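Each value in this text was obtained by applying a stated rule to the coordinates, not by laboratory testing. Computed from a predicted model, the values in this text were never measured in an experiment. Ideal geometry is used to build each Cβ from the backbone, glycine not excepted, and the neighbour counts take in all protein chains shown.
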Amino acid sequence: MTGTRFGTFLGSVDWARFVWREDVLANMLLEGLRLLIVEDEFLIAMDVEQLCRDHGAVDVVVIGTAADLVTASTSAGFDAAILDVMVEGQPTLDFARGLAEHGIPFVFATGYSDRGDVFSAFPDVRVVGKPYTGDEIVEALATAVAAARRADR
């Protein structure tokens, strides 16, 4: 192949398709994960569920009642979780302890983010205060998953 033909070939490539874009990377942050969302505010739960799916999660289960949380298993095959610290006025801390015991990474997404005493039992768990942005919660969860994967090596 001569230089002219090679140059012609390269000149015909649509290079815009090959430019790395940050939105592509962002959409991969939760790629392939099975996630649990514990949130009793329906609209927030729906928004976070769709956000997780948009960022690559393959399965997202939402628990929105205290009764469902009591019967839920912390070892149900989830890769990670997002927990509100209070669901229908009931704390989710026992459930969080179960997740931690099973090595399932999670973050707290809550309006009680100023309650350091509540979170002192979970020093390595990120607390994302409401209101939060979609990028904030996705990044927090992706960071927790990455840290757990590094720890498993």
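With both labels modelled 7 Å from their Cα along Cα-to-Cβ, the GLU88 to ASP47 distance reads 2.3 nm.
When only DSSP loop residues count, what chymotrypsin sites (Phe, Trp or Tyr not before Pro) in the range 49-121 have their Cβ near at most 14 other Cβ atoms within 10 Å? Within the range 49-121, no chymotrypsin sites (Phe, Trp or Tyr not before Pro) qualify (loop, at most 14 other Cβ atoms within 10 Å). Placing a pseudo-label 7 Å from each Cα along the Cα-to-Cβ vector at ASP59 and ARG150 gives an inter-label distance of 2.8 nm. Each residue of the range 100-109 is assigned a 3J(HN,Hα), and the resulting list reads 4, 5, 8, x, 8, x, 7, 10, 8, 10 Hz, derived from the Karplus form 6.51 cos²θ - 1.76 cosθ + 1.60 (θ = phi - 60°), x at Gly and Pro. Need one word for the range 37-97: rounded, prolate or oblate. Basis is the Cα gyration tensor (sqrt eigenvalues a ≥ b ≥ c); a/c below 1.5 gives rounded, then a/b vs b/c decides. It is oblate, given that a/c is not under 1.5 and a/b is not larger than b/c. Counted by neighbouring Cβ atoms within 10 Å, the residues ARG153, ARG97, ARG34 run from fewest to most as ARG153, ARG97, ARG34. Computed over neighbours whose Cβ is under 9 Å from that of ILE37, the net charge equals -3, Lys and Arg +1, Asp and Glu -1.
With the cut-off at 1.5 for a/c, could you classify the range 80-153 from its C-alpha gyration tensor as rounded, prolate or oblate? Here the range 80-153 falls in the oblate category. Each peptide in 132-142, 63-73 receives the mean, over its residues, of other Cβ atoms within 10 Å, and ordering these scores from highest gives 132-142, 63-73.
Quick check on the exposure proxy: order SER120, SER113 from fewest to most C-beta atoms within 10 angstrom. List each step's numbers first, then the result.
Values: SER120 8, SER113 16.
Lowest to highest Cβ neighbour count: SER120, SER113.
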